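Contents: one structure, followed by commentary.
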Amino acid sequence: YAFYKGFKMCMDLGLTDRMPKMVVAQARNANPLYRMYKSNWEVFEPMQAETTFASAIQIGDPVSINRAVKALKDCGGIVEEASEEELMDAAALADRTGMFNCPHTGVALAALMKLRENGTIAP
């Protein structure tokens, strides 16, 4: 929500003329926002998050769900998920470049790669 709020403030101040489309990435084992997105924002079901390598984002019932949904709806944002295998493969791929990253970053990288591959994010 903080990123959305900052970009919105920039628009309100005339510093930019458009809002970026935001992307949220969640681990499949803790993905209640992704599930809500896939239901066209109709149904939010808190879940018992399963264990994930991305432990810092192992949240099944986010406190700020309403603000997150508002931000994503207002900017036409999307939500993608990453399986444990996808997030670890993405983290390993980044590690091979010499950039160490944590499994949480692997979730974001895996989501980026999926969205790039399916054409959601253009070259």
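When the test is whether a residue is open to solvent by 40 Å² or more (accessible area, probe 1.4 Å), over 22 Å from residue 5 (Cβ atoms) and either of a type in the set (Ser, Thr, Tyr) or free of Cβ contacts under 8 Å to residues at least 60 places away in the same chain (or both), residue 47 does not pass it. Considering the range 58-85, the residues that are out of contact with any helix residue (DSSP H, G or I) (no Cβ under 8 Å at 6 or more places or on another chain) and more than 21 Å from residue 40 (Cβ to Cβ) include one that is surrounded by the fewest Cβ atoms within 10 Å (Cβ to Cβ), namely 63. Regarding residue 21, is this residue charged (D, E, K, R) and either under 14 Å from the mean Cα position of the chain (by Cα) or closer than 23 Å to residue 86 by Cα (or both)? Spelling it out, residue 21 is indeed charged (D, E, K, R) and either under 14 Å from the mean Cα position of the chain (by Cα) or closer than 23 Å to residue 86 by Cα (or both). Every condition in (1) closer than 23 Å to residue 114 by Cα; (2) at pLDDT 95 or above; (3) of a type in the set (S, T, N, Q) holds for residue 48 except the one numbered (1).
Restricting to the range 4-37, name every residue that is without any contact (Cβ under 8 Å) to a residue 40 or more places away in the chain and open to solvent by 100 Å² or more (accessible area, probe 1.4 Å). Within the range 4-37, 9, 12, 13, 15, 17, 18, 35 qualify.
Results for (1) at pLDDT 95 or above; (2) within 21 Å of residue 114 (Cβ to Cβ), shown as yes or no for each residue.
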residue: 14; (1), (2): yes, no
residue: 18; (1), (2): no, no
residue: 23; (1), (2): yes, yes
residue: 35; (1), (2): yes, yes
residue: 41; (1), (2): yes, yes
residue: 61; (1), (2): yes, no
residue: 74; (1), (2): yes, no
residue: 79; (1), (2): yes, yes
residue: 82; (1), (2): yes, yes
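Taking residue 108, is it open to solvent by 20 Å² or more (accessible area, probe 1.4 Å), among the aliphatic types (A, V, I, L, M), modelled with pLDDT of 95 or more and not in a strand (DSSP E or B)?
Criteria met by residue 108.
The values are calculated or read from the model by the stated rules, or taken from the named source; none is laboratory data. As the structure is a prediction and not an experimental result, all values here were calculated from the model. Cβ: placed from backbone, ideal geometry, glycine included. Neighbour counts: every protein chain shown. The protein model used for the area step is the full one, side chains on, heavy atoms only, and it has no ligands, DNA or RNA in it. Shrake-Rupley method; radii C 1.70, N 1.55, O 1.52, S 1.80 Å.
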